[in-house]
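The values are calculated or read from the model by the stated rules, or taken from the named source; none is laboratory data. The shown structure was predicted, so the numbers you read here are calculated from the model rather than taken from an experiment. For neighbour counting, all protein chains shown are included, and Cβ atoms are generated from backbone atoms with ideal geometry for every residue, glycine included. Ligands, DNA and RNA are stripped out before the accessible areas are found, and what is left, the full protein with its side chains, is counted by its heavy atoms. Shrake-Rupley method; radii C 1.70, N 1.55, O 1.52, S 1.80 Å.
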Amino acid sequence: MRKGLMGFAAVAMMALTSAAHAQDKNVTIGVSIPAADHGWTAGVVFHAERVAKLLMEQHPGLNVIVKTSPDPASQANAVQDLETQGIDALVILPTDPDPLVNAIKEVKGKGTFVALVDRAPSTNDNSVRDLYVAGNNSALGQVAGEYIKATTPEAKVVVIRGLPIPIDQQRQDGFDKGIAGSKVEILDRQYGNWNRDDAFKVMQDYLTKYPQIDVVWCQDDDMAVGVLQAIDQAKRTDIQYVVAGAGSKDMIKKVMDGDKMIPVDVLYPPAMVGTALEMTVANFYGQVPVRGTYTIDATLVTKENAKDFYFPDSPF
């Protein structure tokens, strides 16, 4: 019996030693993300730095290097710089994915684990990355459309689009699917470039052209700021509410407070970069399979669940 106990103790000690070695293992992860040129990317920077700090506290042997870049050329240089520092993994949210494909492939070709976040290149397979973490653009539009369909099924709606790029079209297609079968009438669709000033101008144009608007759908919380400002300045009372998306702290707070103009928001969280970083760390320290695609739900944020998505210290 004693021999058996001694054997069990030895196995337990070996397991603890192995766990300790795993914790002590030195791993360097480079994180390459866009500079904080608007609200959502400011949120990306905040969450990348926040999660990096938490993970390094949990794993003494872990070093996470976060670099921001304003454009594809600068980001390609940043990736090369990270590579020279001997990184074991690269977590990258590209400023523009296709121009950065070669730089990413070069890193991956050397056996480095690559996690791609949000913006996928034209060819998004295991030749480019090991892990892909992204929001659901189609669902972002569909969830917004379904809410409008259920809440105001005969609404006259104006739409403010983002930029003329594929993810904008995915959101539009999802929105059209969401309102299908209802009597929702789309009065107009114009680009606001995911910019609050541009959205302000588009909304001013809408308010001049259309005497009756029930609902505004804009793809981005930054644009919603401009939309609300235009409505307030025009003193229009016909507009019942605005539906936007992303999960900025200001819009989430409005939902929490029961603001009638922002009753809901649709989640497209900049915190997804933190999800990618956590999964990358799990690949090394947890030794669990994390290859493949991880898609984050486009959750409808309501007054009931808003507190779960509120980050008061975030710049976005």
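Counting only residues that are touching a Phe, Trp or Tyr at 6+ places or on another chain (Cβ under 7 Å) and at pLDDT 95 or above, which one in the range 149-165 is most open to solvent (accessible area, probe 1.4 Å)?
The selected residue is Arg161.
Among the numbered criteria (1) farther than 22 Å from Asp176 by Cα; (2) among the acidic types (Asp, Glu); (3) open to solvent by 50 Å² or more (accessible area, probe 1.4 Å), which one does Asp297 miss?
Condition (1) is where Asp297 drops out.
Could you grab me the full set of residues in the range 59-114 that are in contact with an Asp or Glu (Cβ under 6 Å, 6 or more places away or on another chain), under 20 Å from Val281 (Cβ atoms) and not aliphatic (A, V, I, L, M)?
Gly61, Phe113
Mind listing whichever residues of the range 220-236 are β-branched (Val, Ile, Thr), surrounded by fewer than 24 Cβ atoms within 10 Å (Cβ to Cβ) and within 23 Å of Ala36 (Cβ to Cβ)? Full working, then the answer.
Going through the range 220-236, the residues β-branched (Val, Ile, Thr) turn out to be 225, 227, 231.
Checking the rest, the ones that are also surrounded by fewer than 24 Cβ atoms within 10 Å (Cβ to Cβ) come to 225, 231.
Passing the criteria: only Val225.
Asp168 fails exactly one of the following numbered conditions: (1) of a type in the set (Asp, Glu); (2) in a helix (DSSP H, G or I); (3) within 20 Å of Thr295 (Cα to Cα); (4) open to solvent by 30 Å² or more (accessible area, probe 1.4 Å). What is the number of that condition?
Against the list (1) of a type in the set (Asp, Glu); (2) in a helix (DSSP H, G or I); (3) within 20 Å of Thr295 (Cα to Cα); (4) open to solvent by 30 Å² or more (accessible area, probe 1.4 Å), Asp168 comes up short only on (4).
With the condition being aliphatic (A, V, I, L, M) and open to solvent by 10 Å² or more (accessible area, probe 1.4 Å), I'd like the strands (runs of 3 or more DSSP E) fully within the range 21-137 carrying at least 2 qualifying residues.
Values: elements: 27-34, 62-69, 89-92, 113-117, 131-135.
Strands (runs of 3 or more DSSP E) meeting the threshold: 62-69.
Condition check ((1) free of Cβ contacts under 8 Å to residues at least 60 places away in the same chain; (2) assigned to a loop (DSSP other than H, G, I, E, B); (3) within 20 Å of Ala120 (Cβ to Cβ)) across all residues:
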| position | (1), (2), (3) |
| --- | --- |
| Ile252 | yes, no, no |
| Lys260 | yes, yes, no |
| Ala282 | yes, no, no |
| Val288 | yes, yes, no |
| Thr293 | no, no, yes |
| Glu304 | yes, yes, no |
| Pro315 | no, yes, no |
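Could you list, in sequence order, all residues of the range 230-250 that are farther than 24 Å from Gly43 by Cβ and either in contact (Cβ under 8 Å) with a residue 24 or more places away in the chain or among the polar types (S, T, N, Q) (or both)? Walk me through how you get there before you give the answer.
Restricting attention to the range 230-250, the residues satisfying the condition of being farther than 24 Å from Gly43 by Cβ are 231-240.
Selection gives Ile231, Gln233, Ala234, Arg236, Thr237, Asp238, Ile239, Gln240.
Checking the condition under 16 Å from the mean Cα position of the chain (by Cα) and in contact (Cβ under 8 Å) with a residue 12 or more places away in the chain, which residue from Gly145, Gly141, Gly178 passes?
Exactly one of Gly145, Gly141, Gly178 is under 16 Å from the mean Cα position of the chain (by Cα) and in contact (Cβ under 8 Å) with a residue 12 or more places away in the chain, namely Gly141.
Looking only at the range 195-219, filter to residues that are assigned to a loop (DSSP other than H, G, I, E, B) and in contact with a Lys or Arg (Cβ under 8 Å, 6 or more places away or on another chain); which one of those is most open to solvent (accessible area, probe 1.4 Å)?
Only one residue fits best here, namely Gln212.
Just need a number here: residues in the range 242-269 that are small (Gly, Ala, Ser) and exposed (fewer than 15 other Cβ atoms within 10 Å of the Cβ).
1
Looking at this structure, is Ile239 assigned to a helix (DSSP H, G or I) and buried (at least 20 other Cβ atoms within 10 Å of the Cβ)? Lay out the reasoning, then the answer.
Working: assigned to a helix (DSSP H, G or I): no; buried (at least 20 other Cβ atoms within 10 Å of the Cβ): yes.
Against the criterion (assigned to a helix (DSSP H, G or I) and buried (at least 20 other Cβ atoms within 10 Å of the Cβ)), Ile239 does not qualify.
Do we have any residue at all in the range 173-194 that's open to solvent by 70 Å² or more (accessible area, probe 1.4 Å) and modelled with pLDDT under 95?
No: the range 173-194 contains no residue that is open to solvent by 70 Å² or more (accessible area, probe 1.4 Å) and modelled with pLDDT under 95.
If only one of Arg196, Arg189, Arg161, Arg171 is within 17 Å of the chain's Cα centre (by Cα) and of a type in the set (D, E, K, R), which one is it?
Residue meeting the stated conditions: Arg171.
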